[in-house]
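Student: Before I ask anything, let me first share the structure, which is written out below as structure tokens.
The values are calculated or read from the model by the stated rules, or taken from the named source; none is laboratory data. This structure is a prediction, so every number in the text was calculated from the model and none was measured. Here the Cβ positions follow ideal geometry from the backbone for every residue, glycine too, while neighbour counts run over all protein chains shown. Just the protein is used for accessible areas: all its heavy atoms, side chains included, with ligands, DNA and RNA removed. Shrake-Rupley method; radii C 1.70, N 1.55, O 1.52, S 1.80 Å.
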Amino acid sequence: MMSQMIIANRLIDGLVIYMGPKGEWVGSISEGAVFKDEQDAQHWLVIAKQAVEDSVVVDPYLIDIDTGGGKRLPAGARETIRAFGPSVRTDLLEDAEGNRG
């Protein structure tokens, strides 16, 4: 099994968050808990889904990650973008008044 993490969105502001090692929610992939065992991952996913019922997070799910080289890199493109930011140059985006960032 590839290592896994639990990712979700914080309900209050929609930011991407990760389940931490003690079941807390953290804002950085580098702070999130890494699960190397499928049973352990599923156990924590049940706890994460309780946070939905408690109105803390939205849509928690497991993602595969590569932990080689001492870094945590999501296996999928979607999760990579969610972890490390947009795939476009945000300095070229316009705000509501047409001003460039």
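Student: At 1.4 Å probe size, put M2, M19 in order of accessible surface, largest to smallest.
Tutor: Numbers: M2 90, M19 0 Å².
Highest to lowest solvent-accessible surface, that is M2, M19.
Student: Turning to a different aspect of this structure: Counting only protein chains, not ligands or nucleic acids, how are Y18, Y61 ordered by accessible area (probe 1.4 Å), most first?
Tutor: Y61, Y18
Student: Here's a follow-up. Listed highest first by mean packing, meaning other Cβ atoms within 10 Å per residue, what order do 25-34, 38-47 come in?
Tutor: Result, highest mean Cβ count within 10 Å first: 25-34, 38-47.
Student: Provide the solvent-accessible area of L11, counting protein heavy atoms only and rolling a 1.4 Å probe, rounded to the nearest 10 Å².
Tutor: Here the residue's solvent-accessible area equals roughly 90 Å².
Student: Provide the per residue accessible area, probe 1.4 Å, for the stretch 33-82, rounded to a whole number of square angstrom.
Tutor: Per-residue accessible area for the stretch 33-82 comes out at 62 Å².
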